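**Q** Right, I'll just put the structure down here and ask away after.
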Amino acid sequence: MISLTEEFFGGKECGIEVKVKMIYDGKKGDIINQYVLFTKICKEQMKLYGRSQKAILEAIRICKDKNVLKEYLESEIYEATQKATKKATKEGLQKGLQKGLQEANLETAKRMLADGTLPIEKIAEFSNLPLEMVKRLAESLQTVSV
(Lines give C-alpha, C1' and ligand atoms only; values in the text may rest on other atoms or scores of the structure.)
Protein backbone atom coordinates (compact mmCIF):
# COMPACT_ATOMS: atom_id res chain seq x y z
CA MET A 1 0.00 0.00 0.00
CA ILE A 2 1.21 3.48 -0.80
CA SER A 3 -0.11 6.49 1.03
CA LEU A 4 -0.07 9.48 -1.28
CA THR A 5 -0.05 11.80 1.77
CA GLU A 6 3.16 10.10 2.95
CA GLU A 7 4.75 10.02 -0.51
CA PHE A 8 3.95 13.57 -1.63
CA PHE A 9 3.28 15.61 1.51
CA GLY A 10 5.66 14.05 4.03
CA GLY A 11 2.79 12.77 6.16
CA LYS A 12 1.35 16.23 6.75
CA GLU A 13 -2.38 16.40 6.97
CA CYS A 14 -4.06 17.50 3.75
CA GLY A 15 -7.58 17.71 2.32
CA ILE A 16 -7.60 14.15 1.04
CA GLU A 17 -5.91 10.93 2.00
CA VAL A 18 -5.52 8.32 -0.70
CA LYS A 19 -4.05 4.88 -0.26
CA VAL A 20 -3.21 2.86 -3.30
CA LYS A 21 -2.70 -0.87 -3.34
CA MET A 22 0.06 -1.62 -5.82
CA ILE A 23 -0.37 -4.85 -7.76
CA TYR A 24 2.84 -5.83 -9.45
CA ASP A 25 2.19 -9.23 -10.82
CA GLY A 26 -1.17 -10.60 -9.75
CA LYS A 27 -1.65 -14.30 -9.18
CA LYS A 28 -0.16 -16.69 -11.67
CA GLY A 29 -2.45 -16.96 -14.68
CA ASP A 30 -4.95 -14.25 -13.70
CA ILE A 31 -5.64 -11.37 -16.06
CA ILE A 32 -3.39 -8.92 -14.20
CA ASN A 33 -0.51 -11.38 -14.29
CA GLN A 34 -1.07 -11.98 -18.00
CA TYR A 35 -1.18 -8.27 -18.73
CA VAL A 36 2.03 -7.65 -16.78
CA LEU A 37 3.73 -10.50 -18.68
CA PHE A 38 2.42 -9.11 -21.94
CA THR A 39 3.91 -5.66 -21.25
CA LYS A 40 7.24 -7.21 -20.20
CA ILE A 41 7.39 -9.29 -23.38
CA CYS A 42 6.52 -6.23 -25.50
CA LYS A 43 9.27 -4.18 -23.83
CA GLU A 44 11.80 -6.99 -24.40
CA GLN A 45 10.90 -7.23 -28.07
CA MET A 46 11.06 -3.45 -28.54
CA LYS A 47 14.57 -3.49 -27.02
CA LEU A 48 15.55 -6.11 -29.59
CA TYR A 49 13.76 -4.77 -32.67
CA GLY A 50 12.78 -1.17 -31.83
CA ARG A 51 9.27 0.09 -32.44
CA SER A 52 8.69 -2.10 -35.44
CA GLN A 53 6.22 -4.56 -36.89
CA LYS A 54 8.71 -7.35 -36.16
CA ALA A 55 8.67 -6.45 -32.45
CA ILE A 56 4.88 -6.57 -32.37
CA LEU A 57 4.65 -9.86 -34.26
CA GLU A 58 7.30 -11.48 -32.06
CA ALA A 59 5.59 -10.26 -28.88
CA ILE A 60 2.28 -11.70 -30.06
CA ARG A 61 3.91 -14.99 -31.07
CA ILE A 62 5.68 -15.34 -27.71
CA CYS A 63 2.52 -14.46 -25.77
CA LYS A 64 0.48 -17.00 -27.70
CA ASP A 65 3.16 -19.67 -27.13
CA LYS A 66 3.16 -18.92 -23.39
CA ASN A 67 -0.64 -18.73 -23.23
CA VAL A 68 -0.49 -15.05 -22.21
CA LEU A 69 -3.66 -13.23 -23.30
CA LYS A 70 -3.84 -15.89 -26.00
CA GLU A 71 -7.61 -15.89 -26.48
CA TYR A 72 -7.72 -12.08 -26.63
CA LEU A 73 -4.78 -11.80 -29.02
CA GLU A 74 -6.16 -14.47 -31.33
CA SER A 75 -9.59 -12.83 -31.50
CA GLU A 76 -8.09 -9.35 -32.03
CA ILE A 77 -5.65 -10.61 -34.66
CA TYR A 78 -8.42 -12.49 -36.46
CA GLU A 79 -10.64 -9.40 -36.46
CA ALA A 80 -7.80 -7.11 -37.60
CA THR A 81 -6.87 -9.58 -40.34
CA GLN A 82 -10.47 -9.74 -41.55
CA LYS A 83 -10.70 -5.93 -41.66
CA ALA A 84 -7.36 -5.64 -43.48
CA THR A 85 -8.41 -8.31 -46.00
CA LYS A 86 -11.73 -6.60 -46.69
CA LYS A 87 -10.02 -3.23 -47.08
CA ALA A 88 -7.33 -4.66 -49.41
CA THR A 89 -9.96 -6.44 -51.49
CA LYS A 90 -12.09 -3.30 -51.77
CA GLU A 91 -9.05 -1.17 -52.67
CA GLY A 92 -7.90 -3.79 -55.17
CA LEU A 93 -11.31 -3.87 -56.84
CA GLN A 94 -11.43 -0.07 -56.98
CA LYS A 95 -7.93 0.12 -58.49
CA GLY A 96 -8.80 -2.59 -60.99
CA LEU A 97 -12.00 -0.82 -61.95
CA GLN A 98 -10.17 2.50 -62.35
CA LYS A 99 -7.48 0.86 -64.47
CA GLY A 100 -10.09 -0.87 -66.62
CA LEU A 101 -11.98 2.38 -67.13
CA GLN A 102 -8.81 4.24 -68.05
CA GLU A 103 -7.87 1.52 -70.55
CA ALA A 104 -11.35 1.67 -72.05
CA ASN A 105 -11.09 5.47 -72.24
CA LEU A 106 -7.70 5.15 -73.97
CA GLU A 107 -9.14 2.74 -76.52
CA THR A 108 -12.06 5.10 -77.12
CA ALA A 109 -9.65 8.01 -77.63
CA LYS A 110 -7.53 5.93 -80.04
CA ARG A 111 -10.58 5.08 -82.15
CA MET A 112 -11.72 8.69 -82.17
CA LEU A 113 -8.23 9.88 -83.17
CA ALA A 114 -8.07 7.26 -85.91
CA ASP A 115 -11.43 8.51 -87.22
CA GLY A 116 -9.91 12.00 -87.48
CA THR A 117 -13.20 13.91 -87.50
CA LEU A 118 -13.17 15.41 -83.99
CA PRO A 119 -10.80 17.99 -82.52
CA ILE A 120 -8.44 16.74 -79.78
CA GLU A 121 -10.24 18.86 -77.15
CA LYS A 122 -13.55 17.06 -77.85
CA ILE A 123 -11.84 13.67 -77.80
CA ALA A 124 -10.39 14.49 -74.37
CA GLU A 125 -13.80 15.59 -73.15
CA PHE A 126 -15.65 12.53 -74.48
CA SER A 127 -13.01 10.03 -73.34
CA ASN A 128 -12.61 11.57 -69.87
CA LEU A 129 -8.85 11.78 -70.38
CA PRO A 130 -6.63 14.79 -69.71
CA LEU A 131 -6.02 16.91 -72.79
CA GLU A 132 -2.22 16.46 -72.50
CA MET A 133 -2.63 12.69 -72.48
CA VAL A 134 -4.77 12.78 -75.63
CA LYS A 135 -2.22 15.04 -77.33
CA ARG A 136 0.60 12.60 -76.48
CA LEU A 137 -1.54 9.71 -77.66
CA ALA A 138 -2.23 11.52 -80.97
CA GLU A 139 1.50 12.16 -81.41
CA SER A 140 2.40 8.55 -80.69
CA LEU A 141 -0.23 7.31 -83.16
CA GLN A 142 1.15 9.64 -85.85
CA THR A 143 4.68 8.37 -85.16
CA VAL A 144 3.54 4.76 -85.47
CA SER A 145 1.68 5.34 -88.74
CA VAL A 146 4.66 7.12 -90.38
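The values are calculated or read from the model by the stated rules, or taken from the named source; none is laboratory data. Keep in mind that this is a model prediction, so the values were computed, not measured. Cβ: placed from backbone, ideal geometry, glycine included. Neighbour counts: every protein chain shown. SASA here: full protein model, heavy atoms, side chains in, ligands and nucleic acids out. Shrake-Rupley method; radii C 1.70, N 1.55, O 1.52, S 1.80 Å.
**Q** Evaluate the relative contact order of the chain (contact order divided by residue number), counting alpha-carbon pairs under 8 angstrom at least 6 apart; express in whole percent.
**A** 11
**Q** Residues of the chain: accessible area per residue at 1.4 Å, in Å²?
**A** 81
**Q** What nm value, rounded to one decimal, do you get for the distance between GLU91 and LEU4 when each label is placed 7 Å out toward the C-beta?
**A** 4.4
**Q** A further question follows. For LYS110, go through the lysines and keep the ones whose alpha-carbon is under 27 Å away, minus same-chain ones fewer than eight residues off.
**A** Within the straight-line cut-off, LYS110 pairs with LYS95, LYS99, LYS122, LYS135.
**Q** How many percent of the accessible area of the chain is carbon or sulfur, using a 1.4 Å probe?
**A** Roughly 57 percent, rounded to a whole number.
**Q** In the set [x] 101; [y] 127; [z] 265, which value of volume of the Cα convex hull per residue in Å³ was calculated from the structure you see?
**A** From the options [x] 101; [y] 127; [z] 265, the structure gives [z].
**Q** Filter LYS28/LYS70; LYS28/LYS64; LYS43/LYS64; LYS40/LYS86 down to the pairs with a C-alpha to C-alpha distance above 22 Å, please.
**A** Going by Cα-Cα distance, LYS40/LYS86 fall outside the 22 Å limit.
**Q** Kindly point out which whole DSSP H helices in the chain project their C-alpha atoms 24 angstrom or further along the helix axis while averaging a Kyte-Doolittle hydropathy of -1.0 or above.
**A** 31-49
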